[in-house]
Amino acid sequence: MTRRAPRPALPAGAAVLAVALLGGCSALDGLRTERPEGAEAEAGAAPTRAPYRLELIAPDALRPLLAEHLDLSRFRNAPDTEAIDNSELARLAAAAPAQARALLETEGYFAAQVESSRRVDADGQPVVQIKVEPGPRSVVERVEFVVDGELQRLAAQSDEGAAELLGALRRDWPLGEGKAFRQPAWASAKNTTLARARAEGYPAAAWAKTEARVDATSHRVAIRVELDSGALFRLGEIEVEGLQRYDASTVRRLATFGRGTPYSEKLLLDYQERLLKLGLFESASVELDPEPATAGAAPVRVRVRELTLQQATIGVGVSANTGPRVTLEHRHRRPFGLDWVATNKFEVGSSIKSWSGELISHPLEGLYRNLVAGNAERLRSGEEIRTAWTARLGRTQDTPRIERLYFAELTHARVDNPAGRTRSEAVTGNYHWIYRDVDSVLLPTDGWTLSLQSALGRSRNSTEQNGPFGRGYGRVTLYQPLGSTWYGSARIEAGNLFAANNVGVPDTLLFRAGGDDSVRGYAYRTLGPVVDGAVTSGRVMFTGSAEIARPISAQRPSLWWAAFVDAGNAANHWNELDLAWGYGLGMRWRSPVGPLRVDLAYGEEVRKWRLHLSVGIAF
């Protein structure tokens, strides 16, 4: 026999027999429960006002649901002015079994036995007892997933993309055979599947019918869902709004799709992210016109709000590597009316004084940008002072996962230390490549990154021979969740200068270790080969790090503690490299602009504790 239960007060979106519209149809269309009908007891009492106590006898996993949503539980805490009299208490107690069964059905228990009884305790207080025997939980026995519309038609014509999507929708249906049937899982499965279809080319997709047929005797559920995919949307013209100073081509060149490309939500989100990273706009949104009449060439609407033409920033801070500092940065987003961005940054600190400048073009075809850059610095580390400058001319490309940088560079460096003074220059051709596959660029917890650098050039040196050289550098970082609350990360980096032993190259192209993103427990650039009692830069370098972290508490998910071990060093030859170890504990604040890290590390070589402070992720 088929029957429908009464509709008591239920948690939002949880009533199995309630109608919830989704995509123009009922979220529970045709839900049927087959079981013998039962009658509810009627009760009455004299209309005298009295407080009462509620006893819930139910499995621990179900008690919170009943305690939160049963009327008997909610009304028990009503103010005195709304106190429940005996007549109303009798009505609530009589209605409680049906209400409890309806609540239990949302968790998949369609054959629950619920009894309600009343008594008066020794203090004269009325007591209502609700006893629950939930019985077996119903599980999904069969799933029928039917698709109509252009998705089905294209898949039948052996369209690879459509066939792959159709197979994925069916294969990844979350509420599969053998799984417990729960109303939250049922609603989530429909919402997740529909969202995926809409995100991967069919934004007008809707459920034509969704049905869950429940057999309360066998505790089995048969599911049938029918998806109308609608038309496959293809991208049309890009319509740009909000531009005042820049040409629309600046916006359109960042798109990686052309007219006729099948719609994908990820395509538009990646496009929006590139617009925001460009540094020209305060805000940017990219939307598809979902009108079915334009599905063959749906307009892509881009709305931007420009940043100010010029921007100056003054900062005061402390770095564990270079000490206290003051910075001044100025940016002009269209100098001399040209489609370029000019940036100048000055830094003055106790250990470093520097200038860096960059002139980079607005986006060109293929996501390329031309650049001219330079920097000059005076850096003190330990007993050494390095004065250096570079000039660079090149081109960069930033795709969703890969960054490329090609450039020619002229480098000069002068090093003064107790061993004497050395001057050197070099001209190099360089290629840098970065790959990222992480869940978040700012706050990664899962995935990996790889950074590679290569250079070929020729050097001139005041104390050693002139000659050709090559340089290679690599860094790989792995992020891995460990269970539900622990997170691990590991890093390995290595560098090698390829040159004859008597050929000298600028210090900026050599290697050292130590510091926040190298080996913690040691000061910045204090690990390297020692010559005449002074630390110098080496021709080979290796560092590694392993770290585990977890949130301090569920109430503060953005505040983590961490434990780590670092090791590494620099040397002139691999057989001379002795690892220096550092380890300690730290705190992490996962801020909206990236992680703020505070670490206390012990360096075994120096037998000292050192505090490290850093912001952001190094790639």
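The values are calculated or read from the model by the stated rules, or taken from the named source; none is laboratory data. This is a predicted model, so every value here is computed, not measured. Please note: Cβ atoms are built from the backbone with ideal geometry, for glycine as well, and neighbour counts cover all protein chains shown. SASA here: full protein model, heavy atoms, side chains in, ligands and nucleic acids out. Shrake-Rupley method; radii C 1.70, N 1.55, O 1.52, S 1.80 Å.
Listed values, structure above:
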read-out	value
Filter pass, ALA90 being out of contact with any His (no Cβ under 9 Å at 6 or more places or on another chain) and within 30 Å of PHE233 (Cα to Cα)	no
Selection status of ARG153, more than 30 Å from ALA197 (Cβ to Cβ) and either in contact with a Ser or Thr (Cβ under 8 Å, 6 or more places away or on another chain) or assigned to a helix (DSSP H, G or I) (or both)	no
Restricting the range 285-325 to residues that are polar (S, T, N, Q) and not in a strand (DSSP E or B), the residue that is farthest from LEU232 (Cα to Cα)	THR322
Single residue of the range 326-341 satisfying the filter (open to solvent by 20 Å² or more (accessible area, probe 1.4 Å) and assigned to a strand (DSSP E or B)) that is farthest from TYR406 (Cα to Cα)	VAL326
Selection count where residues are farther than 30 Å from VAL304 by Cα, assigned to a strand (DSSP E or B) and of a type outside the set (D, E, K, R), scope the range 207-249	10
Residue that is nearest to the chain's Cα centre (by Cα), among those in the range 342-355 that are open to solvent by 40 Å² or more (accessible area, probe 1.4 Å) and polar (S, T, N, Q)	ASN344
Residue match in the range 585-595 (condition: surrounded by 14 or more Cβ atoms within 10 Å (Cβ to Cβ) and part of a loop (DSSP other than H, G, I, E, B))	no
Output for the range 266-283, where each listed residue is assigned to a helix (DSSP H, G or I) and either surrounded by 15 or more Cβ atoms within 10 Å (Cβ to Cβ) or hydrophobic (A, V, I, L, M, F, W, C) (or both)	LEU267, LEU268, LEU269, ASP270, TYR271, GLN272, GLU273, ARG274, LEU275, LEU276
Hits in the range 178-202 - residues which are within 20 Å of GLY149 (Cα to Cα) and either part of a helix (DSSP H, G or I) or open to solvent by 30 Å² or more (accessible area, probe 1.4 Å) (or both)	LYS190, ASN191, THR192, THR193, LEU194, ALA195, ARG196, ALA197, ARG198, ALA199, GLU200
The range 356-366, subset outside any loop (DSSP other than H, G, I, E, B) and within 9 Å of TRP340 (Cα to Cα), residue most open to solvent (accessible area, probe 1.4 Å)	LEU359
Residues of the range 405-451 classified as in a strand (DSSP E or B) and under 23 Å from the mean Cα position of the chain (by Cα), total	11
Hits in the range 367-396 - residues which are closer than 30 Å to PRO529 by Cα, touching a Pro at 6+ places or on another chain (Cβ under 8 Å) and either outside any strand (DSSP E or B) or open to solvent by 20 Å² or more (accessible area, probe 1.4 Å) (or both)	GLU383
Within the range 212-265, tally of residues that are touching a Pro at 6+ places or on another chain (Cβ under 7 Å) and crowded, with 16+ Cβ neighbours inside 10 Å	11
Residues located in the range 512-540, provided they are within 16 Å of LEU579 (Cβ to Cβ) and either acidic (Asp, Glu) or open to solvent by less than 10 Å² (accessible area, probe 1.4 Å) (or both)	ALA513, GLY514, GLY515, VAL519, ARG520, GLY521, TYR522, GLY538, VAL540
